[in-house]
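Engineer: My structure is below; once you've seen it, I'll send some questions.
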Number of protein chains: 2
Amino acid sequence: MLRISKLADYGTIVLTAMAREPAWTFSAAELALRTGLPAPSVSKILKILLRQGIVVSLRGANGGYRLARSPAEISTVQILNALDGPLGVTECSASPGLCKREAHCGTRAHWHMINRVVLQALEHITLQQMIDPGRPRLDVLRPAWRAARSAEVSP
Amino acid sequence: MLRISKLADYGTIVLTAMAREPAWTFSAAELALRTGLPAPSVSKILKILLRQGIVVSLRGANGGYRLARSPAEISTVQILNALDGPLGVTECSASPGLCKREAHCGTRAHWHMINRVVLQALEHITLQQMIDPGRPRLDVLRPAWRAARSAEVSP
DNA sequence: GCCATATAGGACCGAAGCGGTCCTCTTTAA
DNA sequence: TTAAAGAGGACCGCTTCGGTCCTATATGGC
């Protein structure tokens with residue numbers, strides 16, 4: 001486990017396809033064709049992304065979808081949040097207050113720390129990075145690391 | 001999502017309880033009592049951890065479970081692997097070769113990078129760290145960061 | 001030698017989540 | 001007016017997971 005859902009996985013594939021031509025308006029059918037994903041699923045994903053403000057739509061003939069922002073302004077954490085709901089390594093990371101054990105749970109703080117690191121990492125990986133050619137570099141996570149550290153000092 | 005299973009969550013709670021007295025042999029019932037978790041679940045978890053070599057058992061009267069190694073030698077990644085199976089942020093991170101899209105999937109390399117960071121982080125957070133008093137420090141993840149970076153240079 | 005205690009292993013079940021499909025309604029360009 | 005395309009939701013089947021229980025086996029104490 002510790003896995004994202006299939007929907008979120010598909011979502012990033014669809015969005016990276018769109019990010020390669022940010023100005024273009026894609027129909028759901030065309031995106032399904034380009035990505036090789038099942039058309040109904042692609043359609044479903046786009047509708048969710050629309051409601052979350054990640055894509056915009058044009059209805060009617062010759063309609064379709066476009067990215068709502070530039071690829072550099074769409075991070076993976078936004079995509080996962082949209083398609084998988086609030087993400088947290090443990091339940092108490094995602095929705096604090098739900099677990100009764102919280103008060104005297106020794107592991108909680110550590111899961112929160114791990115969660116913060118993961119979140120910051122996802123925050124700094126954008127669609128732009130995803131479509132940049134060449135091997136991905138861990139260096140893009142440096143700001144994430146710094147952000148997580150400063151969050152630690154002043155919570 | 002991007003969440004660990006409840007079983008794995010419970011597992012870390014049980015193991016941290018054991019880690020506070022590493023020499024002691026706990027019966028499953030006693031651990032259930034100490035942690036406040038349902039006894040059948042605790043028993044099930046311990047049986048899995050036994051098969052994975054994380055705890056050792058003593059059968060018969062006055063029997064019970066003990067950590068197989070020192071708390072400093074048991075990392076969270078071992079616990080999650082034991083209780084949740086091989087972990088990967090995406091399916092292709094956990095079991096490469098299963099996804100047909102791999103060859104021409106532009107997002108895969110990035111998920112692998114994220115996965116590597118998460119894995120290394122979990123690798124460096126041990127039961128010892130979990131029971132150390134005081135707020136957890138991100139500094140414990142420094143070696144994880146370095147390890148992930150060196151893995152990038154020589155895959 | 002017997003019995004109480006504890007683990008070992010697996011079977012079993014109910015609930016929930018999720019992936020996937022389909023249908024109907026609305027909008028808009030030609 | 002019609003065809004194309006999105007909007008929204010209903011629906012269903014499968015899988016997975018959490019949880020429980022039962023039986024067999026081992027061992028220490030009497």
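Engineer: Residues being of a type in the set (V, I, T), more than 12 Å from chain A (Cβ to nearest Cβ) and away from DNA strand C (no atom under 15 Å from the Cβ): count how many of those fall in region B:7-28.
Structural biologist: First, pick out the residues of region B:7-28 that are of a type in the set (V, I, T): B:12-14, B:16, B:25.
Still in the running and more than 12 Å from chain A (Cβ to nearest Cβ): B:25.
Applying the additional criterion that residues be away from DNA strand C (no atom under 15 Å from the Cβ) yields none.
So the count comes out to 0.
Engineer: Let me ask another. Filter region A:50-66 for residues that are within 9 Å of DNA strand D (Cβ to nearest atom) and either within 14 Å of chain B (Cβ to nearest Cβ) or not β-branched (V, I, T) (or both) and give the result. Explain how you work it out, then say what you get.
Structural biologist: Residues of region A:50-66 that are within 9 Å of DNA strand D (Cβ to nearest atom), as a first pass: A:50-51, A:55-65.
Those that are within 9 Å of DNA strand D (Cβ to nearest atom) and either within 14 Å of chain B (Cβ to nearest Cβ) or not β-branched (V, I, T) (or both): A:L50, A:R51, A:S57, A:L58, A:R59, A:G60, A:A61, A:N62, A:G63, A:G64, A:Y65.
Engineer: Another question, if that's okay. Within the bounds of region A:33-40, is there any residue that is surrounded by 14 or more Cβ atoms within 10 Å (Cβ to Cβ), more than 14 Å from chain B (Cβ to nearest Cβ), near DNA strand D (Cβ under 8 Å from one of its atoms) and not aromatic (F, W, Y)?
Structural biologist: Within region A:33-40, not a single residue is surrounded by 14 or more Cβ atoms within 10 Å (Cβ to Cβ), more than 14 Å from chain B (Cβ to nearest Cβ), near DNA strand D (Cβ under 8 Å from one of its atoms) and not aromatic (F, W, Y).
Engineer: Across region A:109-138, what is the number of residues that are under 20 Å from the mean Cα position of the chain (by Cα), assigned to a helix (DSSP H, G or I) and either closer than 23 Å to A:L15 by Cβ or of a type in the set (G, A, S) (or both)?
Structural biologist: 13
Engineer: Being more than 20 Å from B:P71 (Cα to Cα), touching a residue at least 40 places away in the same chain (Cβ under 8 Å) and not β-branched (V, I, T) is the filter here, so list the residues in region B:1-36 that pass it. Even if it seems obvious, please write down each step before you answer.
Structural biologist: Initially, region B:1-36 is screened for residues more than 20 Å from B:P71 (Cα to Cα), giving B:1-6, B:29, B:33, B:36.
Now drop any that are not touching a residue at least 40 places away in the same chain (Cβ under 8 Å), which leaves B:2, B:4-5.
Once the filter is applied, which keeps residues that are more than 20 Å from B:P71 (Cα to Cα), touching a residue at least 40 places away in the same chain (Cβ under 8 Å) and not β-branched (V, I, T), region B:1-36 yields B:L2, B:S5.
Engineer: Checking the structure you have, find out if any residue of region A:141-149 is within 16 Å of B:I125 (Cβ to Cβ), touching a residue at least 12 places away in the same chain (Cβ under 8 Å) and within 9 Å of another protein chain (Cβ to nearest Cβ).
Structural biologist: yes
Engineer: Mind listing whichever residues of region B:7-26 are within 12 Å of DNA strand D (Cβ to nearest atom) and touching a strand residue (DSSP E or B) at 6+ places or on another chain (Cβ under 8 Å)?
Structural biologist: B:T25
Engineer: Which one is farthest from DNA strand D (Cβ to nearest atom) among residues in region B:67-83 that are under 11 Å from B:L122 (Cβ atoms) and in contact with a helix residue (DSSP H, G or I) (Cβ under 8 Å, 6 or more places away or on another chain)?
Structural biologist: Within region B:67-83, the match that is farthest from DNA strand D (Cβ to nearest atom) is B:S75.
Engineer: To continue, here is another question. Quick check on this structure: which one of B:L87, B:L15, B:L50, B:L80 is at pLDDT 95 or above and under 27 Å from A:V77 (Cβ atoms)? First the steps, then the outcome.
Structural biologist: Values: B:L87 fails: at pLDDT 95 or above; B:L15 fails: under 27 Å from A:V77 (Cβ atoms); B:L50 fails: under 27 Å from A:V77 (Cβ atoms).
Going through B:L87, B:L15, B:L50, B:L80 in turn, the sole match is B:L80.
Engineer: For region B:29-45, enumerate the residues that are more than 24 Å from B:D84 (Cβ to Cβ) and near DNA strand C (Cβ under 8 Å from one of its atoms). Walk me through how you get there before you give the answer.
Structural biologist: Of region B:29-45, the ones more than 24 Å from B:D84 (Cβ to Cβ) are B:29-30, B:33.
Answer for region B:29-45, where residues must be more than 24 Å from B:D84 (Cβ to Cβ) and near DNA strand C (Cβ under 8 Å from one of its atoms): B:A29, B:E30.
Engineer: Go through region A:68-108 and report how many residues are loosely packed, with under 15 Cβ neighbours inside 10 Å, assigned to a helix (DSSP H, G or I) and free of Cβ contacts under 8 Å to residues at least 12 places away in the same chain.
Structural biologist: 4
The values are calculated or read from the model by the stated rules, or taken from the named source; none is laboratory data. Everything numeric in this text was worked out from a predicted model, so none of it was measured. Counting neighbours? That spans all protein chains shown, and the Cβs are built from the backbone with ideal geometry, glycine included.
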